[in-house]
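None of the figures in this text is laboratory data; all of them are computed from the coordinates on show. This is a predicted model, so every value here is computed, not measured. Neighbour counts are summed over all protein chains in view; Cβ atoms, including those assigned to glycine, are modelled from backbone coordinates with ideal geometry.
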C-alpha cells in the first residue's frame with residue numbers, strides 16, 4: 001500500500017518513511033493547503049487532511065505541530081510554524097531571557113485520510129527551553145528544545161524518532177494502520 005505524505009517539509013516525509021519501512025510505500029507531495037487557525041493541533045490537522053483528500057483522493061497523512069512554552073502562556077502554540085518563520089529560535093530565546101520556568105512541550109497531530117474518513121493520532125514530548133542552541137541535526141526548534149538533558153538536534157534521526165512528539169504520533173498511527181492490514 002502507498003501513503004502520500006503531504007508536507008512542504010522534506011524532513012517530516014523522511015521521518016514518516018523511516019517509520020513505515022517494510023510496511024508501506026511512502027510518497028512525498030507538497031501541496032498548497034489552507035490552514036485554519038485553531039488552538040488544537042488535531043483540529044488543524046483534520047482540516048488539512050480534508051483539503052488534501054479533496055485534491056488528490058488517495059490515502060494520505062498530514063500533520064500539525066504546536067510548540068507550547070509554559071512561561072509564555074503556551075505561545076507559540078499551534079502557530080509554531082509561523083513563529084519559526086518570523087522570529088525563529090533567536091526570537092524565542094530572546095523572549096525567554098529572564099524566564100525561570102523554561103518548561104515546554106511539543107504536540108503533533110497526524111491526520112490520516114482515506115476513503116473510510118479521517119482519523120487523528122497525537123503525540124507529545126515534554127522538555128525545556130535551552131539558553132542557547134545545541135546540536136547540528138533536526139530542524140525547527142530542535143536546537144533549543146531539551147529532552148532528558150539533550151537537545152533534539154543532538155540526537156540521530158532514529159533516536160529522535162523514538163522519543164519525539166511526531167515519533168509518538170506516528171507510532172500510534174502505525175500501530176493502528178498495521179492492525180488493519
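Binning all Cα-Cα separations of the stretch 18-123 at 5 Å, short to long from zero, yields these whole-percent fractions: 2, 12, 19, 20, 16, 13, 9, 6, 3, 1, 0.
Given Cα pairs under 8 Å that are at least 6 residues apart, what percent is the relative contact order of the chain?
On the way: 360 pairs, mean separation 34.1, N = 181.
After rounding, I find 19 percent.
With the helix formula -39500 (n - 2.57) applied to DSSP H stretches of n ≥ 4, the chain reaches a computed 222 nm mean residue ellipticity of -10500 deg cm²/dmol.
Residues 10, 124, arranged from fewest to most other Cβ atoms within 10 angstrom of their Cβ, appear as 10, 124.
Here the alpha carbons of the stretch 2-179 define both size measures, Rg and Dmax, at 16.0, 50 Å. Angle check, please: helix 10-19 long axis (alpha carbons) against the longest principal axis of the chain (alpha carbons), in degrees 0 to 90, nearest 10. Relative to the chain, helix 10-19 is tipped by roughly 60 degrees.
For 44, 162, the sequence from fewest to most other C-beta atoms within 10 Å is 162, 44.
Separation of the stretch 114-181 and the stretch 30-104, taken as the distance between their Cα centroids, equals 14 angstrom.
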